[in-house]
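Asker: Mind having a look at this structure? Questions to follow.
Values in this text are rule-based calculations from the coordinates and carry no lab data. These numbers were taken from a predicted model, which means no experiment stands behind them.
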Amino acid sequence: MPFLASLVNPSIGLIFWMSLTFVTVLFLLAKFAWKPILNGLKEREASIADALNEAKRAREEMATMSARNEELMRAAREEREQLLKEAREIRDREIAAAKDKAKAEAEALLARARTDIRNEKNAALHEMKNQVAELSILVAERILKEKLADSKAQQALVDKVMAEAQLRRS
């Protein structure tokens with residue numbers, strides 16, 4: 001217990017030596033340790049400030065990049081819509097042109113078919129007229145052969161035809 005009592009009631013010598021040791025440690029710390037410790041703290045503070053500034057700058061850069069990306073995406077969407085619109089217009093024009101061409105070809109084909117039908121009809125009518133004429137001549141020839149078998153009948157027919165011809169002239 002005397003040891004504890006001496007700590008609670010220190011003597012002057014103990015205070016002197018403790019003070020001397022404290023001042024020596026304080027001097028040594030001030031001379032050798034505080035400058036590096038303070039420099040380290042300053043460097044740490046500067047690196048933290050730089051890191052904060054870098055983070056702030058990175059955030060701003062990210063915001064700028066995000067805005068730029070949004071603008072690029074919007075422009076890309078607009079360009080895509082424009083390309084799709086142009087493609088639809090081209091498709092519609094091509095379809096309309098193909099329809100017009102098909103319609104024109106169909107009309108030309110119909111016109112050719114009508115012309116061919118008309119020509120065939122005319123040819124058939126001409127052929128039929130020729131056949132009717134040949135048959136009429138053949139029938140008339142046979143009828144005349146039978147009726148004009150004698151010369152009296154032939155003479156009467158010739159007189160009759162001549163009389164009709166003179167009536168027409170007058």
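Asker: Against the longest principal axis of the chain, how steep is helix 12-28, in degrees 0 to 90 to the nearest 10, with axes from Cα atoms?
Answerer: That works out to roughly 30 degrees.
Asker: Running a GNM on the chain with Cα contacts under 10 Å, which residue among Gln131, Gln154, Gln82 ends up with the highest mean-square fluctuation?
Answerer: Maximum among the listed residues: Gln154.
Asker: Further question on the same structure: To the nearest 10 degrees, how steeply does helix 151-169 sit against the main Cα axis of the chain, on a 0 to 90 scale?
Answerer: Roughly 60 degrees between the two axes.
Asker: Here are several values of semi-axes √(5λ) of the Cα gyration tensor in Å: (1) 22, 21, 14; (2) 146, 15, 10; (3) 21, 19, 17. Which one was derived from the coordinates shown?
Answerer: Among (1) 22, 21, 14; (2) 146, 15, 10; (3) 21, 19, 17, the one derived from this structure is (2).
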